[in-house]
Amino acid sequence: MILNELLDKQPEHRKELSELKFLEMLKEKARNSHNVMKQMPIFREDHGPDFMLVTPAEKETRSSFWVDKMLKDIQGWNRFPSRTRCIKGYTSVDRLGGQEADHYVVIPMDRSRVGICPTDSFYRSFKHVETGMGVSRVDNDGLATWIEQVVKGISDLYPNAKLQVRIPDSYAEFKKMLKEVDKELKENKTKIQKLLKDSENLADAEKLVLTDLFDRHVTSCETYLAEKLDPDQNKFGSVRIESLSAAGDDREIWIADPCLLIKRSKYLELHEKGTIK
């Protein structure tokens with residue numbers, strides 16, 4: 001089968017809707033959700049037609065953020081919507097940039113589950129990471145900086161360590177470095193801990209990350225990260241769309257279930273006409 005035929009068989013995650021079809025789906029599949037959205041709207045910056053049906057599960061492109069991939073293997077996150085294939089939005093329209101023509105109102109289908117951040121940004125919401133790992137954002141740069149400091153700190157304390165100091169440039173490389181640290185600590189953790197306790201010359205950033213790692217490290221770096229990224233400890237929430245009224249102001253929201261999107265300007269126009277009430 002040639003490439004074009006393969007591409008033609010791929011499901012399309014964004015589908016343009018006519019105004020009539022949008023209103024029909026709004027009434028039949030998102031009536032309760034829409035009632036919630038009138039009190040707690042979700043906004044998103046996007047590109048496309050006035051009306052769309054978006055199905056995140058059919059997206060071809062998965063998240064490029066390492067932490068989104070890690071969360072799939074952390075038990076506490078299994079009750080949350082997927083982060084690798086989802087649609088993201090905000091409860092404050094002021095968070096949107098770009099042109100107003102690209103501002104959309106997001107209306108999930110009834111009974112959709114939504115993830116709720118404790119702050120206005122998912123990647124800045126992990127306070128346990130910020131205090132123990134010394135990074136303000138759990139993005140790829142933040143995780144890369146952390147593991148580089150761990151490796152450098154161990155190497156500075158224990159020159160015999162079989163570690164290569166480097167900054168990972170891929171998720172596979174990041175995972176490889178975690179395993180390298182695990183192996184070194186399995187063999188020499190007691191020695192390195194004593195050196196850390198007695199050291200007066202180690203850089204502050206390296207001392208911070210190693211102290212926290214040793215204080216909490218149980219079996220592996222992945223176990224440590226699972227604790228730091230725990231959704232309950234970091235105050236993330238997950239509810240059905242019908243309960244979103246408790247989300248609060250200016251939060252990032254994400255949904256993995258199908259959603260209706262309508263340009264905000266068109267929504268206001270239809271509301272003024274009485275078409276949408």
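Where a number appears in this text, it was derived from the coordinates with a stated rule and is not lab data. Note that the structure is a prediction, hence the values are computed from the model and not measured.
For the stretch 146-205, just say rounded, prolate or oblate: build the C-alpha gyration tensor, square-root its eigenvalues into a ≥ b ≥ c, call rounded for a/c under 1.5, and beyond that prolate if a/b exceeds b/c, oblate if not. Could the numbers behind the result be given before it?
Numbers: a/c = 2.54, a/b = 1.53, b/c = 1.66.
Since a/c reaches 1.5 but b/c is at least a/b, the shape of the stretch 146-205 is classed as oblate.
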Taking the Cα centroid of the stretch 202-273 and of the stretch 85-160, what is the distance between the two, rounded to the nearest whole Å? 7
If I fit a long axis through the Cα atoms of helix 204-216 and take the longest principal axis of the Cα atoms of the chain, what angle between them do I get, 0 to 90°, rounded to 10? 80
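Would you compute, from DSSP H runs of 4+ residues alone, the mean residue ellipticity of the chain at 222 nm, taking -39500 (n - 2.57) per run and dividing by the full residue count, rounded to the nearest 500? Working shown, then result.
Values: 10 runs with 116 residues, N = 277.
Taken over the chain, the calculation gives -13000 deg cm²/dmol.
Assign one of three labels to the stretch 1-159, namely rounded, prolate or oblate, based on the Cα gyration tensor with a ≥ b ≥ c the square roots of its eigenvalues; rounded applies when a/c is under 1.5, prolate when it is not and a/b is larger than b/c, and oblate otherwise. Write down the numbers at each step before the final one.
Values: a/c = 2.44, a/b = 1.70, b/c = 1.43.
Because a/c hits 1.5 or more and a/b exceeds b/c, the stretch 1-159 counts as prolate.
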Computed log₁₀ I(q)/I(0) - Debye formula, equal Cα scatterers, no solvent, the stretch 127-228, q 0.14, 0.18 Å⁻¹: -0.46, -0.80
Table column - 3J(HN,Hα) (Hz), the stretch 186-195, Karplus curve with 6.51, -1.76, 1.60, x for Gly and Pro: 4, 8, 9, 4, 4, 4, 5, 4, 5, 4
Among 175/207; 72/186; 21/266; 38/266; 38/273; 59/263, the pairs whose Cα-Cα distance exceeds 19 Å are 175/207; 72/186; 59/263
In degrees, nearest ten, helix 140-157 long axis to first principal axis of the chain (Cα): 10
Apply the Karplus curve 6.51 cos²θ - 1.76 cosθ + 1.60, θ = phi - 60°, to the phi angles in the stretch 227-233 and return the couplings in whole Hz, x for Gly and Pro. 5, 5, 9, 4, x, 5, 5
Using only alpha-carbon positions, what ratio does the radius of gyration of the chain give when scaled by 2.2 N^0.38 Å? 1.22
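Could you estimate the translational diffusion coefficient of the stretch 165-277 from the Stokes-Einstein equation, with Rh from the Kirkwood formula over C-alpha pairs, at 10 °C and 1.306 mPa s, in whole µm²/s? Please report the intermediate quantities before stating the final value.
Numbers: Rh = 19.1 Å.
Calculated translational D: 83 µm²/s.
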